[in-house]
Amino acid sequence: MTATARHTGKTALVTGGSRGIGRAVSHRLAREDALVAVHYGHDLTAAERTVKEIQADGGRAFPVHAELGVPGDADTLWSAFDEALAEQEAPAGLDILVNNAGITVPRPIAQVTEADYDRVFAINTRAPFFIIQRGLDRLRDGGRIVNISSVATRLAFPPLVSYTMSKAALDHLTLSLAQELGPRGITVNAVAPGYTETEINPTLAVPEIRRRYSEASTFGRLGDPVDIADVVSFVASDDARWVTGQWIDASGGAHLGV
Ligand SMILES: NC(=O)c1ccc[n+]([C@@H]2O[C@H](COP(=O)([O-])OP(=O)(O)OC[C@H]3O[C@@H](n4cnc5c(N)ncnc54)[C@H](OP(=O)(O)O)[C@@H]3O)[C@@H](O)[C@H]2O)c1
């Protein structure tokens, strides 16, 4: 546990908290004393591993299962969350919601099928929308919503067009909700990673692609999930109480200019 422990007394839900960026966010929030619900959709082993790692580090976490992108997903998620939280003998409700779970569709417009399009929107856009809608009575006043967007929404990036559209919609949801939820002291922000080393990017195994993506950052390297988690933890903290409706670049200065 760090000396700052800035999330003491807080309960957090991290969707897709089992792997990649969500795993790093779960670790970071737990290290700063939040009780963390580590959500996953398919990979129970990864979720259990993340929970065990957090516990071994002295933190508190528990897994929550719900497949997103299917009918009723938000209700399934919240029922599983409520039940698991009660088992922890923790008070109902939460303080920090991180909408992180996501998939990509690495195909240009000509190759995107209707099924691809529907699925990426169902998981990246529709799921967070209804998770927030049905979570608002659980989220305490003064709470935090952090939506994981992508640096791609500030760029033209044709190979990821449908994915980027799904994230751009999330950016607008962030802005609208920040206005609506301000009176409750709830902040809503988007954190936008760039090229980050996770399993969502299998092409990073290709040396040429790895080099190109690394060089896109002004720092000349890929993002580490921890780089994103540190920003999310700040946005989720009381230190960020005066920041809302913002799209926060966490891309290591990707594609800043020529
Ligand atoms: N990595 C990057 O370069 C990058 C860049 C910009 C933005 N992002 C965004 O960052 C977020 C996290 O990405 P990541 O790179 O960490 O991806 P990742 O390593 O592939 O992890 C994705 C997480 O989301 C969960 N998930 C995916 N589909 C799901 C579904 N249908 N239902 C429930 N859970 C589901 C996965 O759990 P299960 O496997 O158990 O389903 C996993 O925990 C995403 O929103 C992504 O768009 C990533």
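Tabulated data
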item	result
Members of region 153-164 found to be without any contact (Cβ under 8 Å) to a residue 24 or more places away in the chain and within 13 Å of the ligand (Cβ to nearest atom), listed by number	Phe157, Thr164
Selection count, region 218-248, where residues are open to solvent by less than 60 Å² (accessible area, probe 1.4 Å) and either within 15 Å of the ligand (Cβ to nearest atom) or not in a loop (DSSP other than H, G, I, E, B) (or both)	12
Number of the exception - Asp137 against (1) within 13 Å of the ligand (Cβ to nearest atom); (2) in a loop (DSSP other than H, G, I, E, B)	(1)
Within region 112-123, considering residues that are within 13 Å of Val161 (Cβ to Cβ) and open to solvent by less than 40 Å² (accessible area, probe 1.4 Å), the one nearest to the ligand (Cβ to nearest atom)	Val120
Sole residue being open to solvent by 80 Å² or more (accessible area, probe 1.4 Å) and within 11 Å of the ligand (Cβ to nearest atom), chosen from Glu208, Glu197, Glu215, Glu180	Glu197
Within region 9-87, strands (runs of 3 or more DSSP E) holding 2 or more residues that are within 12 Å of the ligand (Cβ to nearest atom)	35-40, 60-65
Close pairs (7 angstrom Cβ cut-off, 6 or more residues apart or separate chains): of a type in the set (Phe, Trp, Tyr) in region 124-141, open to solvent by less than 40 Å² (accessible area, probe 1.4 Å) and in a helix (DSSP H, G or I) anywhere	Phe129/Leu173; Phe130/Ala74
Extreme residue, farthest from the ligand (Cβ to nearest atom), among residues of region 249-258 that are out of contact with any Phe, Trp or Tyr (no Cβ under 7 Å at 6 or more places or on another chain) and closer than 15 Å to Tyr195 by Cβ	Leu256
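The values are calculated or read from the model by the stated rules, or taken from the named source; none is laboratory data. Just so you know, these numbers come straight off a predicted model, no measurement behind them. Backbone-built Cβ (ideal geometry, glycine too); neighbour counts: all protein chains shown. Each accessible area value is taken on the protein alone, full model and side chains, heavy atoms only, with ligands, DNA and RNA left out. Shrake-Rupley method; radii C 1.70, N 1.55, O 1.52, S 1.80 Å.
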